[in-house]
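*Asks:* Here it is: the structure, laid out below.
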Amino acid sequence: MKRKIYRFLSTERWSDSAVFFMRIFVGVLMLIHGIGKINNYEMLFATFPDPLGIGSATSLGLMIGAETLCSLLLIVGLFVRPAAAVLAVGMFVASFLAVPGEPFAAHELAFVYMGIYVMLFIAGGMRYSLDRIFFRIR
């Protein structure tokens, strides 16, 4: 009986489940955020920041693409590390480059998202992902 309980509570099983939960949770939240940008595209088009000097429309398009496509990839667990890397870079830009001069509190949520994406980049999709099936990872 002790073995069954220990096996059920094993660290590996729980860490796989925790990464799975975080992928789904943060993926859905960012997907909703990206869909909101799509719905407000006309309003955002004129006011979206251009932190990289590539144009406001291009910056908005890249962020919408990252927030929707990469979030969907995280949710299904496919290309988890590249998707997390793209989102982490996007959140880095949003945290530190998008609107300089504002207090840190204004960018705190983007910074938290960046930390989660870095964690997902390090962990990968783990057991409950399509990466494991398609690419024989872990």
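The values are calculated or read from the model by the stated rules, or taken from the named source; none is laboratory data. Everything quoted here is computed from the prediction, not taken from an experiment. Note that we place each Cβ from the backbone using ideal geometry, even for glycine, and neighbour counts take in every protein chain shown. Heads up: the accessible areas ignore ligands, DNA and RNA and are worked out on the full protein's heavy atoms, side chains in. Shrake-Rupley method; radii C 1.70, N 1.55, O 1.52, S 1.80 Å.
*Asks:* Evaluate the distance, in nm, between pseudo-label points positioned 7 Å from the Cα of Leu69 and of Ala105 along their respective Cα→Cβ axes.
*Replies:* Distance between label points: 3.7 nm.
*Asks:* What FRET efficiency comes out for Phe20 versus Ser56 if R0 is 35 angstrom and r is the Cβ-Cβ distance? Round to the nearest 0.05.
*Replies:* So, using R0 = 35 Å, E works out to roughly 0.45.
*Asks:* Please list, in order along segment 21-27, the HN-Hα scalar couplings obtained from phi with the Karplus expression 6.51 cos²θ - 1.76 cosθ + 1.60 (θ = phi - 60°), rounded to whole Hz, x for Gly and Pro.
*Replies:* Values, residue by residue: 4, 5, 4, 5, 4, 6, x Hz.
*Asks:* Going by average Cβ density within 10 Å per residue, which order do the peptides 48-56, 115-123 take, highest to lowest?
*Replies:* Numbers: 48-56: 13.2, 115-123: 17.3.
Most protected by this proxy first, the peptides run 115-123, 48-56.
*Asks:* Still on this model: Want the number for Arg81 to Leu97: 0.36 nm per residue separation, take away the alpha-carbon distance, what's left? Mind showing how you got there, number by number?
*Replies:* Numbers: separation 16, 0.36 × 16 = 5.76 nm, distance 2.31 nm.
My answer for the length gained is 3.5 nm.
*Asks:* Then there's this: Can you order the peptides 60-66, 41-47 by their average number of other Cβ atoms within 10 Å per residue, highest first? Write down the numbers at each step before the final one.
*Replies:* On the way: 60-66: 18.0, 41-47: 11.1.
Descending packing order for the listed peptides: 60-66, 41-47.
*Asks:* A further question follows. Among Val76, Gly65, Thr47, flag the residue with its Cα farthest along the positive direction of the charge dipole of the chain, charges on Cβ as +1 for Lys/Arg and -1 for Asp/Glu.
*Replies:* Positive-end residue among those listed: Val76.
*Asks:* Given a 1.4 angstrom probe, I'd like the percentage of the accessible area of the chain that is carbon and sulfur, rounded to a whole number. Let's see the in-between values first.
*Replies:* On the way: 6280 of 8650 Å².
Result for the chain: 73 percent of the exposed heavy-atom area is carbon or sulfur.
*Asks:* Quick check for me: using +1 on Lys/Arg Cβ and -1 on Asp/Glu Cβ, what's the dipole size of segment 33-138 about its Cα centre, in debye to the nearest 20? Please report the intermediate quantities before stating the final value.
*Replies:* On the way: 6 positive and 6 negative charges, 139 e Å.
For segment 33-138, the charge dipole is close to 660 debye.
*Asks:* Spelling out what I want: for every residue of segment 54-67, take phi, set θ = phi - 60°, compute 6.51 cos²θ - 1.76 cosθ + 1.60 (Karplus), and round to whole Hz; glycine and proline get x.
*Replies:* Listing the rounded values in order: 10, x, 5, 5, 5, 4, 5, x, 5, 5, 4, x, 5, 5 Hz.
*Asks:* As an exercise, use a Förster radius of 22 Å and the Cβ-Cβ distance of Arg127 and Ile32 to find the FRET efficiency, rounded to the nearest 0.05. Provide the component values of the computation, followed by the final result.
*Replies:* Details: r = 26 Å, r/R0 = 1.18.
So, using R0 = 22 Å, E works out to roughly 0.25.
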